[in-house]
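Okay, structure first, notes after.
The values are calculated or read from the model by the stated rules, or taken from the named source; none is laboratory data. Small disclaimer: the values here were computed from a predicted structure and weren't measured. Glycine also receives a Cβ, built like all others from the backbone with ideal geometry; neighbour counts cover every protein chain displayed. Note: accessible area is taken over every heavy atom of the protein model, side chains too, but ligands, DNA and RNA are not part of it. Shrake-Rupley method; radii C 1.70, N 1.55, O 1.52, S 1.80 Å.
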Amino acid sequence: MSAQDLSQLALDTAHSVLAKLPPSVQRALLDSYVQKALGALVALQLVKGLNSYLSKRSQNNGQRISKWSPQKELVVLTGGCSGIGKQIMEDLSRMNVKTIILDLNEPNFSLPPNVFFYAADVTSRAVVRDVAGQIRKDHGYPTILINNAGVGFPGTILDEPDEKIRLTMEVNTLSHFWTVKEFLPSMIQRDHGHIITLASMASFVSFGETVDYACSKASALAFHEGLTQEIRHWYGSKKVRTSVIHPSWVRTPMIDAILKAGKHWTQPVMGPEEVSSAVTKQLVSGNGGQIVLPRSHGLASLVRGLPNWLQERVRDNASKHFVKLRQLEKEIGL
């Protein structure tokens, strides 16, 4: 459909709506400028709808969405004992989805009856291999993998300890390779499954004191993109979905302390509930794809397409914000 066709369709739609309005409102809207503006708005909505439709078809390999059946799913969730992971576990449990938690730390709460815990260092290939074999023996073959486990430590490249830099890369990126190696083959064999990667807004922009974290999350995004291609073209699986989630600031004790101190905080802060909601909705919908949170920040992925001077301005603003954060921490004694 050409731009001219879209414009004409928009005008026809606008006239149809106009005919149903009271005469006084019709006269006010008959102005040519108003008509053009209405036509442009309707055309924009049509283009937006068409874009959404094409994106979903591409992300889902042109396949029809199967009806969500929680009783038939078995979830493996890394890092499910705290933060976002714990919230995802609780939400899945309420949906009657059997969930397996992989975490280094024992849960300090009672597990729901349909949730099971396995202690595992997901950075170790050997450990992941062994625990995956035990899961298959105890519960069968998982159909959903949520790579949620993540760590982050503040510090400049020169100041941050070597072991923390290495741990960040191993937890936030390398562990995805080990879990996918164990749980993807059965999904491909059955042509059914969903792999969700928890990335970050830092996948798109790197700034001072978060370099290793941003590197790990940019790698997680690249992992998701390449994994999607391999599932589609190397293994020919049309119904194994892949999704990547990019949250911005999520509420932590550090940010809570700053907010309670009455300091000015300009960035949106989400609770784990919002991230978990996005993950569970993606599972229930059966759609693969990319989700940026909050949704109003959806254009963040376009940063690298901007002229270099604009990219630098974006990074400068982020770095200045982080420097201010460090100053606030010192003021309140964190």
Computed on Cα atoms only, the convex hull of segment 84-141 has an orientation-averaged projected area in nm² of 4.2
Which of the peptides 64-75, 215-226 is most tightly packed, and how do the rest follow, judged by the mean count of other Cβ atoms within 10 Å per residue? 215-226, 64-75
Sulfur and carbon atoms: percent of accessible area, segment 70-301 [1.4 Å]: 54
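Work out, step by step, the length gained on full extension between residue 308 and residue 277: first 0.36 nm times the residue separation, then minus their alpha carbon distance; give nm to one decimal. Provide the component values of the computation, followed by the final result.
Values: separation 31, 0.36 × 31 = 11.16 nm, distance 3.50 nm.
This chain segment gains 7.7 nm when fully extended.
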Computed label-point distance, nm, for sites residue 69 and residue 234 using a 7 Å Cα→Cβ extension: 3.0
How many angstrom separate the Cα center of segment 221-249 from the Cα center of segment 107-175? 19
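Could you sort the peptides 159-165, 319-325 by per-residue average Cβ neighbour count (10 Å cutoff), highest mean leading? The partial results should precede the final answer.
Values: 159-165: 12.1, 319-325: 14.4.
Listed from highest to lowest mean packing, they are 319-325, 159-165.
Tell me, what is the FRET efficiency for residue 331 and residue 134 to the nearest 0.05, using R0 = 45 angstrom and their Cβ-Cβ distance as r? Please report the intermediate quantities before stating the final value.
Details: r = 49 Å, r/R0 = 1.08.
Computed FRET efficiency for residue 331 and residue 134: 0.40.
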About the Cα centre, charge dipole magnitude for segment 70-301 (Lys/Arg +1, Asp/Glu -1 at Cβ), debye: 840
FRET efficiency, residue 284 to residue 104 (Cβ-Cβ, R0 25 Å, nearest 0.05): 0.30
Per residue, how large is the accessible surface of segment 70-301? Use a 1.4 angstrom probe and give square angstrom. 45
So for segment 70-301, Kirkwood radius off the Cα pairs, Stokes-Einstein at 4 °C and 1.567 mPa s: how many µm² s⁻¹? 71
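In debye, nearest 20, what is the charge dipole magnitude of segment 81-200 about its Cα centre with +1 on Lys and Arg Cβ and -1 on Asp and Glu Cβ, if you could check? Intermediate results must be reported in sequence, preceding the final value.
Values: 11 positive and 14 negative charges, 104 e Å.
With Lys and Arg at +1 and Asp and Glu at -1, about 500 debye.
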